[in-house]
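Heads up, the thing below is written out as structure tokens.
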Amino acid sequence: MGEISQKSAGSPDRNRVLLQGGLLEPDMFDRYFSVRAFEPAADMAACVSHYWVMRWRLPYNVTYRPVEVLPTPMVHAFVTAQRAFVHGITDGALSYDTAGVGAMAGIAFKPGGFAPYWGKPMSQLRGGHIDLSTVFPDAGTRLYSELLHEPEEQIADALDGLLRSRPVQPSLQHLQLIADAVDAIMREDGPTTVSALAAELFRSERSLQATFAEHVGVGPKWLLKRQRLLKAIGTTAGTARPDWADLAADTGYSSQTHLLNDFKHVVGVTPTVYLRHLRRQ
């Protein structure tokens, strides 16, 4: 199982990568956290993006809440010191409290990759979470009470073994179509509408939307909007005085108002408040 390389902490490239990946406070995160990620074996790669282990060490009396915006519609399995659960796709930001010395680990499923394990309409999991043992009976109390004390490589191996304890037969055709759609949207010159995306993939809009609804839980329009927003966040963070009207036009929003409303809906605060907080770090 190969490790996914990480760019050095604090570098401009890494900060840009973290912002584009949805992590809203890259400098603060790098100050206290380390993450290692591992690629799945070839026979698991259709469903799994990577296994990850995150550790932190915060000063006494400091509590920090990392905030992340999902860049793609990926379901994550989390293993913490208290519980193990699966978190569905959410429109807003993900956050969690951390203090002292701790760790968590998990599985990042590719868009559509959790559907074979869930076995139900993915829309039923949108915005919610379930105990990991609901889908993987071997994920009992012992898993999260003991696993995080192991070395990172062994944690990744254990998570891989958990998936293998419940073999599935994914629809490779549907997963490939979803992967192609995600890749197309995330290209710098990628399509900006569902109709353009469907045309590029030689599919009808209806069939593309039906595939996303069944296997992902959100439509391709969700992903198109999310890419616009993350581009706006990345540009905003690197600009002293953003021109919101120009930024809206550059990132594909129909108006400045739509950009500001979308930003606040997902991030939880206005762009102005976010920038003020970011520069205080």
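The values are calculated or read from the model by the stated rules, or taken from the named source; none is laboratory data. None of these values were measured; they are calculated from a predicted model. Glycine also receives a Cβ, built like all others from the backbone with ideal geometry; neighbour counts cover every protein chain displayed. When the accessible area is computed, the model is the full protein with side chains, heavy atoms only, and any ligands, DNA or RNA have been set aside. Shrake-Rupley method; radii C 1.70, N 1.55, O 1.52, S 1.80 Å.
Do we have Q6 as open to solvent by 30 Å² or more (accessible area, probe 1.4 Å), modelled with pLDDT of 80 or more and part of a loop (DSSP other than H, G, I, E, B) here? No; evaluated as a whole, the condition is false for this residue. I185 - would you say it is free of Cβ contacts under 8 Å to residues at least 60 places away in the same chain, closer than 25 Å to L125 by Cβ and of a type in the set (V, I, T)? The answer is yes for I185. For the stretch 251-281, a residue qualifies if it is charged (D, E, K, R) and modelled with pLDDT under 80, and the qualifying residues are R276, R279, R280.
Rundown of residues vs (1) assigned to a loop (DSSP other than H, G, I, E, B); (2) open to solvent by 40 Å² or more (accessible area, probe 1.4 Å); (3) at positive phi; (4) among the β-branched types (V, I, T), yes/no style:
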site: L70; (1), (2), (3), (4): yes, no, no, no
site: Q82; (1), (2), (3), (4): yes, yes, no, no
site: D91; (1), (2), (3), (4): yes, yes, no, no
site: A103; (1), (2), (3), (4): no, no, no, no
site: I107; (1), (2), (3), (4): no, no, no, yes
site: G112; (1), (2), (3), (4): yes, no, yes, no
site: P116; (1), (2), (3), (4): no, no, no, no
site: K120; (1), (2), (3), (4): yes, yes, no, no
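Within the stretch 197-224, the set of residues being under 22 Å from Y253 (Cβ atoms) and among the acidic types (D, E) comprises E200, E205.
Against the list (1) in contact with an Asp or Glu (Cβ under 6 Å, 6 or more places away or on another chain); (2) farther than 18 Å from H149 by Cα; (3) surrounded by 20 or more Cβ atoms within 10 Å (Cβ to Cβ), the condition V53 fails is (2).
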